[in-house]
1. Can you find a residue that is modelled with pLDDT of 50 or more, loosely packed, with under 11 Cβ neighbours inside 10 Å and not in a strand (DSSP E or B) anywhere in region 14-21?
2. Please find, within region 24-44, the residue that is modelled with the lowest pLDDT out of those that are more than 25 Å from V122 (Cα to Cα) and not in a strand (DSSP E or B).
3. Would you please name the residue that is farthest from G260 (Cα to Cα), looking only at residues in region 207-231 that are among the polar types (S, T, N, Q) and open to solvent by 70 Å² or more (accessible area, probe 1.4 Å)?
4. Of these, L262, L250, L266, L236, which one is in contact with a strand residue (DSSP E or B) (Cβ under 7 Å, 6 or more places away or on another chain) and under 19 Å from H190 (Cβ atoms)?
5. Let me confirm something: among P162, P135, P181, P118, which residue is part of a loop (DSSP other than H, G, I, E, B), open to solvent by 10 Å² or more (accessible area, probe 1.4 Å) and not aliphatic (A, V, I, L, M)?
6. Would you mention how many residues in region 266-286 are of a type outside the set (G, A, S) and more than 20 Å from the chain's Cα centre (by Cα)?
7. Are any of the residues in region 45-52 touching an Asp or Glu at 6+ places or on another chain (Cβ under 9 Å), under 26 Å from L183 (Cα atoms) and at pLDDT 95 or above?
8. Scan region 246-289 residue by residue and report those that are over 30 Å from R216 (Cβ atoms) and open to solvent by 80 Å² or more (accessible area, probe 1.4 Å).
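The values are calculated or read from the model by the stated rules, or taken from the named source; none is laboratory data. Since the model is a prediction, treat every value here as computed from it, not as a measurement. Please note: Cβ atoms are built from the backbone with ideal geometry, for glycine as well, and neighbour counts cover all protein chains shown. Ligands, DNA and RNA are excluded from the accessible area calculation, which covers all protein heavy atoms including side chains. Shrake-Rupley method; radii C 1.70, N 1.55, O 1.52, S 1.80 Å.
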Amino acid sequence: RGPRCAHTRGACTSGGTPTSGAGTTINASELATLELNFYPQSLRYELAHTFVPGARLNVGLDIEWSPGNIRLDAVRPEVGQPLSSAQRVSSQYQSYSYTPALYAEAELTPHTGLRLVPGVRVDFSGQNRVWTVSPRASGRWDINRAWAIKGGVGVFGQAPAPQEASRAPNTAFPGQTLGNPHLQAPRSTHYSLGFEHVFSPYINVSVEGFVMALVRLVVATPTSMLLGQRPPPPYLNTGSGLVYGAEVLLRHKASERFFGWLAYTLLRSERRDTPGGALYPTPSDQTPI
């Protein structure tokens, strides 16, 4: 839970829409079928240099490129007309998802047993042409051989799903697009704090609390609003949320004959679709894990 290394993409999907992979189909009963065919490719290159003992710098390039196509088959609704007699339309659009990023992190050990890792990541979303800067830091202090304190804070984000930021024309709603190409990247700020205790060379326990504050979550606009005279975009960054909880992990390190771990998590995951709206549990909300 919480921040890891600077180049890790943060998980901001609690309650949001997951990024689609190749061959995904979304059905809305008989009203619409949305087919997404994307073929993700990725490249990462990293350079590391130790300037002096206890000071190491990692810098890297992280690129994701997903060419593909989007096909929509849907009923074209008309005000005052029953859906059973509405016209059915179809369209296909070539699309892509392009998200290059640069990251840097420093691994610092200013004192024996103390490790600090500040970092920053800069992402560019090619679909909506938006830059995001995500600073983060983590640390660990080994108080002695048996006890350690660890924690971190950081900002994480992810690009909107391909259909959410698509510029493809929406033939079911003439003059509109399937997505909103002006969407911003959903963001979350992660906080974590915990401790570890070593019982023996093989057995240790870790207890950690975490909080994730989610902002700019993507929310779909109701169909009734898309039928108006001046319809809003089909997707907006009006959602927000909160994820919090604690985790206990008991672990037996690999020995000659045995390895295993046992974890228990208390989790609460909530979101709201509009500012000031009521919080409700997300589909990923599972109190005991």
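1. No, region 14-21 has no match at all.
2. It comes out as S29.
3. Within region 207-231, the first condition is being among the polar types (S, T, N, Q), and the residues that meet it are 221, 223-224, 229.
Now drop any that are not open to solvent by 70 Å² or more (accessible area, probe 1.4 Å), which leaves 223-224, 229.
On the way: T223: 50, S224: 53, Q229: 61 Å.
Filtering region 207-231 for residues that are among the polar types (S, T, N, Q) and open to solvent by 70 Å² or more (accessible area, probe 1.4 Å), the one farthest from G260 (Cα to Cα) comes out as Q229.
4. It is L266.
5. Matching residue, one of P162, P135, P181, P118: P181.
6. Just the residues of region 266-286 that are of a type outside the set (G, A, S), to begin with: 266-268, 270-275, 279-283, 285-286.
This time we only want the ones that are more than 20 Å from the chain's Cα centre (by Cα), so: 266, 275.
Total meeting the criteria: 2.
7. Checking region 45-52: not a single residue is touching an Asp or Glu at 6+ places or on another chain (Cβ under 9 Å), under 26 Å from L183 (Cα atoms) and at pLDDT 95 or above.
8. R251, K253, E256, R257, F258, F259, W261, L262, Y264
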